[in-house]
Amino acid sequence: MFSLFIKVSFLVITFLSAATFSNANPGFHFGWSGHGGNRDISFGLSPQFYQFSCPQTNDIVMSVLEKAISKDIRIAASLLRLHFHDCFVQGCDASILLDNSAKIVSEKNSKPNKNSIRGLEVIDEIKFKLEEACPLTVSCADIVALAARGSTLLSGGPNWELPLGRRDSKTASLNGSNNHIPPPNATIEKLITFFKRQGLDEVDLVALSGAHTIGVARCATFKQRLYNQNGNNQPDQNLEKSFFFDLKNVCPKSGSDNRISPLDFGSPSMFDNTYFKLILRGKGLLNSDEVLLTGSVKETQELVKKYAQDESLFFEQFAMSMTKMGNLRPLTGFNGEVRKNCHHVN
């Protein structure tokens, strides 16, 4: 009888300890089901990850974003781009934020990021306020993901349920940043290859390209289309003529590489489906935009047409593809860390 009492007591204490641990660490799930699941602790992302540890997380993020975007409308697109350029390298782990150090070669110096990455001061402000409210709780990787969603929403785009619980990497990859982020002059075949490396398909490619409905691009990223598209000193014949001449006025043949042009000149600060409508009219700014239609892949061609006709369909798929991208190889559980300063490992 005494032995039975000891066993029951042990089980009660074990259960209560597990429940306490799980509540204190939302997102740490115990696989103790009655359906044959293993009994190991499993770690995953969850929209409720900070429900108990920092319930004001999203309110703080949105408050900072609203002020930042009201001061600089371009910040929304910059933060969305930051999330893309983070996830495509070694997963969504905030490696893009790390500065150079004795052990880190920063991704900020890669060809896709150098002199073009923006919004870091907004991430820093969000992190500062979250550290005040909930020290060493909310990761920089989750802040980047929340800022991307909030920027989309504040620009008129869709909202989505965002799984949280990513942890921050202790490494960065300059080589990965140089080689895994799709370049603006990519062909449709290369774009598909870049996306498939990440486990993303043609539907994700077209939907996520729709992020170019906000933001700008530097002349250096599309000048080739104006003056030497195929190595014959001729422009891209897919460019609509008036659009071509407008771009030439902004971007002369020599110099002015850092001048900017809207990716979607119809509604440059509004998240909508105008981007796809412009592509149908030969007014996609980057080669990587235009080839979604003019490339030889029927699926991407049809999706451009569908999203141009149906904004709600685009919004729905964009939300799903952003969730899918945001789940790329996250560090969870005891992997990585929660950085106190987003630019340095602890």
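The values are calculated or read from the model by the stated rules, or taken from the named source; none is laboratory data. Just so it is clear, the structure is predicted and the values come from calculations on it, not from any experiment. Neighbour counts run over all protein chains shown; Cβ positions are idealised from the backbone, glycine included. Surface areas here come from the heavy atoms of the whole protein model, side chains and all, with no ligands, DNA or RNA. Shrake-Rupley method; radii C 1.70, N 1.55, O 1.52, S 1.80 Å.
Quick look at the numbers
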quantity	calculated
For the stretch 89-170: rounded, prolate or oblate by the Cα gyration tensor [a/c cutoff 1.5]	oblate
Packing-based order for 170-178, 89-97, 212-220, using average beta carbon neighbours within 10 Å, highest first	89-97, 212-220, 170-178
Surrounding net charge for C134, when Lys and Arg each add one and Asp and Glu each subtract one, Cβ distance under 13 Å	-1
Average accessible surface area per residue within the stretch 292-346, 1.4 Å rolling probe, Å²	50
Carbon and sulfur %, accessible surface of the stretch 266-346 computed with the full protein complex present, 1.4 Å	53
Estimated FRET transfer efficiency (L313, S116; beta-carbon r; R0 41 Å; 0.05)	0.85
With every protein chain in place, the stretch 91-148: carbon and sulfur % of accessible area (1.4 Å)	53
Two-site label geometry, T137 and H344: point separation in nm, points 7 Å out along Cα→Cβ	2.4
Calculated FRET efficiency for the pair R329/N159, C-beta based, R₀ 41 Å, to 0.05	0.95
Accessible area per residue in Å² at 1.4 Å probe, computed on the stretch 194-286	44
Value of Rg to Rh for the chain (Rh from inverse mean 1/r over Cα pairs, i.e. Kirkwood)	1.05
Qualifying lysines (Cα of each under 22 Å from Cα of K111; at least 8 residues distant if same chain)	K103, K170, K190, K196, K223, K253
Rough spin-label spacing in nm, given labels placed 7 Å along Cα→Cβ, for Q234 and K67	5.5
Theoretical ellipticity at 222 nm over the chain - DSSP helices of four or more residues, -39500 (n - 2.57) apiece, nearest 500	-15000 deg cm²/dmol
At least 15 Å along the helix axis (C-alpha) and Kyte average at least 1.0, DSSP helices within the chain	2-24, 140-154
